Amino acid sequence: MRRSYEENKIITLFTSFNVLPGITALKLLLCLFMLTTLCGCSNSNKNASSKTLNAAMFWISTSLDPTNNYDGWVLSRIGVGETLLKLNEKYEVEPCLAKSYEQIDDTTWKLTLKDHITFSNGKKVTGENVKACLERAFEKNTRAIDYFDLNHVEAKGQDVYLYLNKSSGALLNNLCEPLFTIYDASQSEEDIANHPLCTGPFVVDDFVSEKTIDTSKNKKYYDSKAKLDHVHFSQVADSDARVLALQSGEVDLANTIDYSSLKLFRNNKDYQVLEVLGPRTNVIYMNNETTFLSDLTIRKALSYSVDRKSIVKLIGGKEATGLYSSALPYGDVSNGYSLNLKEANRLLDEAGYVDTNNDGIREKDGQEIILNYYESADHGSADANIIAQSMQSEAKKIGIKIKLNQVENVNDIKAAGTFDLCSANDSSAPTGDPEIFIQQRYLSTGSSNTGRYKNSNLDNLIQQFSTTYDVKQRQQLAIQASEMILDDAANIYVSYVPLNTVTSSKVKGAICHPVDYYMITKDIDLK
């Protein structure tokens, strides 16, 4: 039987178990199955003379409608969707589709669009188009009101007026969120979900939910044309599978490679590794409403029991001292918690948690401290499992038993509150500003207050963000809030997460932007 080129390549990989030291045979088979899928989905129909980049992403959304959940992030990453404003690598707001902005009063803003921008179908982008997109975002996605409380939008030619119900000191930053992508909203709902007409350097040719996306150069793009003709994206959820795809040459670019595998590409002339410390933080959320974790003493003891230094040696990044990443100007300002088992044991002893039957687990009032920890792979990485196992091991040394529960998706468990501990890789400044993260996750009524944390003093401080416009003052509020949350040991901050992109040496102009909804640009090329 004659094998295809792809089949022979897979067999070669299968017999080379040293490609990824430590990977189990079962997992290798899974990776190779995913790689086979990649082979079958590649752009074989593209003209051989065209420049086609093959990219592996850890996540492809269920749709490309920017108002659906977080699907706008994918639309932005693939170089199709754009917003009125954008963030540079210092998290500063810059013009994008809007050329200027002006605050008229506390609740009124004016943005003026650039005159020469069209959608990929050639239709000019006007104030009315922007109005339709913003209104649809608020109609379709409950997250929108977290960013700003919109009363109504008014369009006058190329001018767009935003009238808010209350002031918003973070408005400009928050307009950079891909939820507020500008597209031709006159399309049908089906077309917006599968082939949205946007303004970026690439256009969508084909989309298969949670599997593949094919894009091509936007010939109507306003800021010089893209250097690539086509990009083919495949969802490859497992980091090891993305590594194999890079090594086999099936993909030219992949992001979020596990730290332990990056050594395969470093100092290798056939690849380039791009890394940056971004605003993401590995967090262990503690349910502040459960029997044991409602006790500050136990939360502090657990915070002291985390071996951040050892974890970072395994997963990379930097030891976390608070909720905001040290990559941010208002992050890494506190000593936070470091490994101190002696202090953890002292706190528990003084609070009356003792091991009366010598089974290694402390009790109080006859009840053993046993906590359920839920974790799932996050952002296509194995980091969550490494953190969970380390946490379990160290907690045992202070007499706390942790049961690990691996699940496909931890979000439903977070929402239901049926957990003691759960893992997350969260961006502490998704729009470059500190307010949205702390408002969603630490305000008593926050829409994503996973830890069920409540502090009326913090609530009052968070409210000050809306009427504070000075950047330095906003940063100072963030520092104060972070210290307050640390005093309460509301959650456990483990590490600040480095972002990475690995490409073949043929790829030129690739970026690893700290704001991780930027990936493919007009300047990326294949040589």
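Here are some notes:
- Ordering Leu296, Pro329, Tyr271 by the projection of their Cα atoms onto the charge dipole of region 255-333, which places +1 on the Cβ of Lys and Arg and -1 on the Cβ of Asp and Glu, puts Tyr271 at the extreme positive end.
- Across the cross-link table entries Lys225/Lys506; Lys225/Lys527; Lys472/Lys522, which are compared at the Cα atoms, the separations over 23 Å belong to Lys472/Lys522.
- Pairwise centroid distance, computed over Cα atoms, of region 260-302 with region 172-233, Å: 31
- Highest average packing first - 177-190, 418-431, 147-160, Cβ atoms within 10 Å: 418-431, 177-190, 147-160
- Alpha-carbon Debye profile of region 113-234, log10 I(q)/I(0) at 0.11, 0.14, 0.22 Å⁻¹: -0.42, -0.68, -1.33
- The simple spin-label model puts a point 7 Å past each Cα toward its Cβ; for Lys99 and Ala351 those points are separated by 6.0 nm.
- Ranked by how many other beta carbons lie within 10 Å on average, peptides 234-245, 356-367, 214-225, 391-402 from highest: 234-245, 391-402, 214-225, 356-367
- Region 93-156 shape via C-alpha gyration tensor axes, a/c threshold 1.5: oblate
- Taking the Cα centre of the chain as origin and assigning +1 to Lys and Arg Cβ atoms and -1 to Asp and Glu Cβ atoms, the resulting dipole is close to 1640 debye.
- Just the protein heavy atoms count here, and of the accessible area of the chain at 1.4 Å, carbon and sulfur take up 47 percent.
- Entry note, the chain: relative contact order of 19 percent, from Cα contacts under 8 Å with a spacing of 6+ residues.
- Greater than 19 Å apart at Cα, pairs in Lys51/Lys86; Lys309/Lys454; Lys313/Lys401; Lys99/Lys131; Lys211/Lys414; Lys300/Lys397: Lys51/Lys86; Lys309/Lys454; Lys313/Lys401; Lys211/Lys414
- MRE, 222 nm, helices only [DSSP H, n ≥ 4, -39500 (n - 2.57), over the chain, to nearest 500]: -8500 deg cm²/dmol
- Cα gyration tensor category, rounded, prolate or oblate, for region 392-519 with a/c compared to 1.5: oblate
- Phi to ³J(HN,Hα) by Karplus 6.51 cos²θ - 1.76 cosθ + 1.60 over region 310-316, Hz, x for Gly, Pro: 5, 5, 5, 4, 8, 10, x
- Solvent-accessible heavy-atom area per residue, rounded to whole Å², over the chain at 1.4 Å: 42
- Bridging of Lys227 to aspartates and glutamates at a Cα separation below 12 Å is possible for Asp523, Asp525, once same-chain residues fewer than 8 apart are set aside.
- Over every Cα atom in the chain, the radius of gyration and the widest Cα-Cα span, Dmax, amount to 24.3, 77 Å.
- Here Lys90 is the anchor, and the aspartates and glutamates within straight C-alpha reach of less than 14 Å, apart from those fewer than 8 places off in the same chain, are Asp433, Asp516.
- When region 153-230 is described by a simple charge dipole with +1 on each Lys and Arg Cβ and -1 on each Asp and Glu Cβ, the residue from Thr212, Phe180, Leu162 located farthest towards its positive end is Leu162.
The values are calculated or read from the model by the stated rules, or taken from the named source; none is laboratory data. Remember, it's a predicted structure, so these values are computed and weren't measured experimentally. Backbone-built Cβ (ideal geometry, glycine too); neighbour counts: all protein chains shown. Each accessible area value is taken on the protein alone, full model and side chains, heavy atoms only, with ligands, DNA and RNA left out. Shrake-Rupley method; radii C 1.70, N 1.55, O 1.52, S 1.80 Å.
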